Amino acid sequence: MIGTDPPASWDDDRDAYVADFDAEGLPPSIAVAEALDVAREGSDRPLFDYVDPDALDALVTDSGPSMSVTFAVEEMRVTVHADGRVFVRPS
């Protein structure tokens, strides 16, 4: 894992795996990939099979703090908030 230690953890209050990013350090796409890896207990499919990581990073980091992006990855729903939070929830 590239990012934080641990990269993501389950949060009972949010019913989601939660990860954080810092656009100046850890980009959103890496935080998403790491959170999905934890949530799905490993996967052989890379993030770019579902979303363009560069476009995700640009959209989230170049927008205002209220921006959020939600997309599906198989059985998971991923929400990325411009304020540095990532939530991965089972659908």
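The table that follows gives values for the structure above.
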item	result
Sequence-separation-based contact order of the range 20-79, relative, with Cα cut under 8 Å and 6+ spacing, percent	26 percent
For the range 57-73, 3J(HN,Hα) per residue [Karplus equation, 6.51 cos²θ - 1.76 cosθ + 1.60, θ = phi - 60°, Hz, x = Gly/Pro]	4, 5, 4, 6, 7, 9, 9, x, x, 8, 5, 9, 10, 10, 8, 9, 10
Given charges at beta-carbon only (K, R positive; D, E negative), |dipole| of the range 17-84 in Debye	200 debye
Burial ordering of V73, V88, fewest other beta-carbon atoms within 10 Å first	V73, V88
Taking M67, M76 and counting other C-beta atoms within 10 Å, the order from fewest to most	M67, M76
Amide H contacts under 5 Å for G84, placed H, 5+ residues apart	none
Karplus (6.51, -1.76, 1.60) ³J(HN,Hα), θ = phi - 60°, over the range 50-56, in Hz, Gly and Pro reported as x	10, 8, 6, x, 5, 5, 4
Label point 7 Å beyond Cα of R77 along Cβ direction - residues of the range 7-21 with amide nitrogen under 20 Å	9-20
Under the Debye formula (equal points on every Cα, no solvent term), log10 I(q)/I(0) of the range 9-90 at q = 0.16, 0.23 Å⁻¹	-0.52, -1.10
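Coordinate-derived values only; no laboratory data. In this text the structure is predicted, and so the values were computed from the model without any measurement. When we count neighbours, we look across all protein chains shown, and the Cβ atoms used for this are built from the backbone with ideal geometry, even at glycine.
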